[in-house]
1. For Ile38, state whether it is within 16 Å of ligand 2 (Cβ to nearest atom), β-branched (Val, Ile, Thr), buried (at least 17 other Cβ atoms within 10 Å of the Cβ) and closer than 23 Å to Val323 by Cα.
2. I need a count of the residues in region 58-77 that are within 15 Å of the chain's Cα centre (by Cα) and not in a helix (DSSP H, G or I).
3. Is at least one residue of region 93-107 free of Cβ contacts under 8 Å to residues at least 12 places away in the same chain, part of a loop (DSSP other than H, G, I, E, B), farther than 24 Å from Pro55 by Cβ and hydrophobic (A, V, I, L, M, F, W, C)?
4. Scanning for something assigned to a helix (DSSP H, G or I) and either more than 10 Å from ligand 1 (Cβ to nearest atom) or modelled with pLDDT under 95 (or both), does region 204-216 turn up at least one residue?
5. How many residues, within region 176-224, are under 20 Å from Asp68 (Cα atoms), more than 16 Å from ligand 2 (Cβ to nearest atom) and without any contact (Cβ under 8 Å) to a residue 24 or more places away in the chain?
6. Going residue by residue through region 170-191, is there one that turns out to be touching a Phe, Trp or Tyr at 6+ places or on another chain (Cβ under 6 Å) and either part of a loop (DSSP other than H, G, I, E, B) or surrounded by 17 or more Cβ atoms within 10 Å (Cβ to Cβ) (or both)?
7. Any residue in region 145-152 that is at pLDDT 95 or above, within 27 Å of Phe82 (Cβ to Cβ) and out of contact with any strand residue (DSSP E or B) (no Cβ under 7 Å at 6 or more places or on another chain)?
8. Every residue in region 225-271 that is surrounded by fewer than 13 Cβ atoms within 10 Å (Cβ to Cβ) and free of Cβ contacts under 8 Å to residues at least 24 places away in the same chain, please.
Amino acid sequence: MKTILTGDRPTGKLHLGHYVGSLRERVRLQNSGEFDKIFIMIADAQALTDHAGTPAAVRENIFNVALDYLAVGLDPAKSTLFIQSQVAELFELTAYYMNVVTVARLERNPTVKNEIAQKNFSTSIPAGFLCYPISQAADITAFDANIVPVGEDQAPMLEQTREIVRKMNELYGEILVEPDILLPQNQVCRRLPGIDGKAKMSKTLGNCIYLSDDSKTVAAKVKDMYTDPLHIRVSDPGHLEGNVVFTYLDAFCEDKETVAEMKEHYQRGGLGDVKVKRFLTEVLEDILTPIRNRRAEYEKNPAEVMKMLKDGTKVAREKAAEVLGRVKRAMKINYFD
Ligand code: ATP
Ligand code: MG
């Protein structure tokens, strides 16, 4: 069996980082027909670990993320789209996995460490937040997933999941499947920088181009994009390092030859930022226009979108219950069987 599990937090609309880091890959894998099962999860419970005070926003974003999924081409006939909090089995699994992970190990997780610093939790870290890698291990293993297509920031989560799987299997027998991460082939897509040049485009950092942004907004964001501060006159030689416009061309433009020529011209001098930005805007528009159009179609029918999530959640729940049953039997806590 080849099974995929992946997902996103409903902390906002999805952006270009999600697109190249994971969504585009998911759609490709979905349409390859190589997978027996594909589970795509909207991780609302995980979103609440650092957004406990704003449940209404999380609720609204479930719908936004679902629209983005359908808009990029995820197809409920081929992929099971579901809502994490409605699969209670995941939280039971999390509770048992907690016993095989130390607090020190959680505190060492580099992504969690980074996010804690970013969110200014200082010493008031919600226990749920510190433990979200364990909950993620439950999300992955509850579906016997062996492939997890995600961006690079998720590598430490996958590593931690694999450790939990090995530990559980060592204690209770071969009950869980050890998953592999699947990163985008294209290096720049593994962690797309923000439009401000910061290391990661992220909802939390507010440096995103959203899949649902209209043409005007996209053009304005590209216009403001960080380039080379030393490239003042068009004739000056320009630099590519840290130049987000070229990074995005590497991530989004299929025509590698043209990009190579532009890079050469830019470095030599004589190619202005305005021109490069105009070209990037066109490249992005080609990708975003069909996505926007599909989004607008689904947006008209919220009941249908919610029904799709409800049906998917039912399917997900059945699978998770099967795995939880297996785990509980192995742990000898199936008293009433
Ligand atoms: P938040 O700030 O709420 O954590 P986020 O923008 O980091 O939001 P997530 O929902 O945490 O988004 O991530 C969902 C998926 O998208 C993960 O697989 C993650 O690796 C991927 N991803 C997110 N941002 C990027 C990015 N800038 N480049 C590549 N992949 C990304
Ligand atoms: Mg994140």
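The values are calculated or read from the model by the stated rules, or taken from the named source; none is laboratory data. Here the structure is a predicted model, which is why all the values come from computation and not from measurement. Glycine gets a Cβ as well: all are built from the backbone with ideal geometry, and neighbour counts include every protein chain shown.
1. Details: within 16 Å of ligand 2 (Cβ to nearest atom): no; β-branched (Val, Ile, Thr): yes; buried (at least 17 other Cβ atoms within 10 Å of the Cβ): yes; closer than 23 Å to Val323 by Cα: yes.
Spelling it out, it is not the case that Ile38 is within 16 Å of ligand 2 (Cβ to nearest atom), β-branched (Val, Ile, Thr), buried (at least 17 other Cβ atoms within 10 Å of the Cβ) and closer than 23 Å to Val323 by Cα.
2. 1
3. Checked against the condition, which is being free of Cβ contacts under 8 Å to residues at least 12 places away in the same chain, part of a loop (DSSP other than H, G, I, E, B), farther than 24 Å from Pro55 by Cβ and hydrophobic (A, V, I, L, M, F, W, C), region 93-107 yields no hits at all.
4. Taking every residue of region 204-216 in turn, at least one turns out to be assigned to a helix (DSSP H, G or I) and either more than 10 Å from ligand 1 (Cβ to nearest atom) or modelled with pLDDT under 95 (or both).
5. The total comes to 2.
6. Of all residues in region 170-191, those touching a Phe, Trp or Tyr at 6+ places or on another chain (Cβ under 6 Å) come to none.
There is no residue in region 170-191 that is touching a Phe, Trp or Tyr at 6+ places or on another chain (Cβ under 6 Å) and either part of a loop (DSSP other than H, G, I, E, B) or surrounded by 17 or more Cβ atoms within 10 Å (Cβ to Cβ) (or both).
7. no
8. Pro229, Leu230, Ile232, Arg233, Glu241, Glu254, Asp255, Lys256, Glu257, Ala260, Glu261, Glu264
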